[in-house]
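The values are calculated or read from the model by the stated rules, or taken from the named source; none is laboratory data. Because the structure is a prediction, the values reported are computed rather than measured. No Cβ is skipped: glycine too gets one built from the backbone with ideal geometry, and neighbour counts run over all protein chains shown.
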Amino acid sequence: MTELDLCQVRIRSRRREVNGIVSLQLEPCEGEHLPAFSAGAHIDLLLPSGTIRQYSLCSDPEQHSSYRIAVLLDPQSRGGSREVHSLAVGQELSIGKPRNHFPLADNHDSAVLVAGGIGVTPMLAMAQTLHRQSVPFTFHYLTRSRSSTAFRKELRSSAFSDHVHLRHDDQQGVADSAGLAELIGEPREDRHLYVCGPQPLIGATVEAAQATRWSDEFIHFEHFKAPNDPVDGDPVTLRLERSGKTVEVPGDCTLAKALANEGINVPVACEQGICGTCVVSVLDGTPDHRDTFLREEERKEGKRMALCCSRSLTPSLTLDL
Ligand code: FES
């Protein structure tokens, strides 16, 4: 279990947005208050089973009386989304305080938002914030079809509806690189691009942006799943500097699980390399980073790694544990 700064909330309302997606409005329990958050932030949700999952906040950051999250029922679910879909109004839950790994930049002349499917959730808060700041932006929201487009009515009736462009897979040329290059347009001074959704959409959008000479510092993205299979690698020996222990990790086991099997519990939450809960310091050896949490400079330095999904490029790693 992770060391989270927790807050007790109650499910005020629950709504089926489209088939397979429910949204939950979370209000503070008596004596609690909800901390402020900025667009792009997520919370850890502690489910009754003990499972912890991260969900982006998709309510207006200026609205402080409740948080809203929306969750897609994943057919490959390891239990998290299925459990969220079974929660009822009135049920109480613990949540972690909002953290933001996908913030808006400080200064914009303009912005382009590209959301794929359930990747729309942080973009709803971003669009609210950009609109309030009077930043010109376009918001492209790509889904399979009109009927699978969550928040369609809300976006159509929003104060920023003129900025919103809905595109569906059943229209031609939406998600190919030429289509994406046209959607995002040319780079401009202080124009930022934000992308959130499934890995193939992020990859194609970033590629299209780079091909049209967008600079990397103006491209921001957030994955909804780690891109690599976390349990696919060579065996590795972990040397634990502080305890003096050595743990052998087989190729089909994550580093975090191998440590837990030896009674060494490293906090984990998402188990997908997204949240950063399981990151530890590396004292020797070269990590094979498979997370999406660490920044590029940190990955190059190799001084920290996510134990839930990353592996090793060297036969052993020495960790600060
Ligand atoms: S548990 Fe979230 S990054 Fe490892």
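For residues that are among the aliphatic types (A, V, I, L, M) and away from the ligand (no atom under 14 Å from the Cβ), scanning just the range 245-257, find the one that is farthest from HIS289 (Cα to Cα). If we take residues in the range 245-257 being among the aliphatic types (A, V, I, L, M) and away from the ligand (no atom under 14 Å from the Cβ), then VAL247 is farthest from HIS289 (Cα to Cα). Within the range 248-256, is there a residue that is within 30 Å of LEU45 (Cα to Cα) and touching a Cys at 6+ places or on another chain (Cβ under 7 Å)? Yes; the residues of the range 248-256 include at least one that is within 30 Å of LEU45 (Cα to Cα) and touching a Cys at 6+ places or on another chain (Cβ under 7 Å).
From the list ARG311, ARG242, ARG295, ARG290, which residue is within 16 Å of the ligand (Cβ to nearest atom), surrounded by fewer than 14 Cβ atoms within 10 Å (Cβ to Cβ) and not assigned by TED's automatic domain parsing to the domain that holds GLY116? Within the list ARG311, ARG242, ARG295, ARG290, the selection yields ARG295. I'd like the full set of residues that are part of a strand (DSSP E or B), within 16 Å of the ligand (Cβ to nearest atom), more than 29 Å from LEU130 (Cα to Cα) and not β-branched (Val, Ile, Thr), limited to the range 7-60. Of everything in the range 7-60, just one residue is part of a strand (DSSP E or B), within 16 Å of the ligand (Cβ to nearest atom), more than 29 Å from LEU130 (Cα to Cα) and not β-branched (Val, Ile, Thr), namely LEU46.
Could you please let me know if ASP284 is more than 15 Å from the ligand (Cβ to nearest atom) and without any contact (Cβ under 8 Å) to a residue 60 or more places away in the chain? Against the criterion (more than 15 Å from the ligand (Cβ to nearest atom) and without any contact (Cβ under 8 Å) to a residue 60 or more places away in the chain), ASP284 qualifies.
For the range 298-308, how many residues are out of contact with any strand residue (DSSP E or B) (no Cβ under 7 Å at 6 or more places or on another chain) and more than 16 Å from the ligand (Cβ to nearest atom)?
2
State whether the residues of the range 112-131 include one that is closer than 28 Å to ARG295 by Cβ, of a type in the set (S, T, N, Q), surrounded by fewer than 23 Cβ atoms within 10 Å (Cβ to Cβ) and at pLDDT 95 or above. Yes, because at least one residue in the range 112-131 is closer than 28 Å to ARG295 by Cβ, of a type in the set (S, T, N, Q), surrounded by fewer than 23 Cβ atoms within 10 Å (Cβ to Cβ) and at pLDDT 95 or above.
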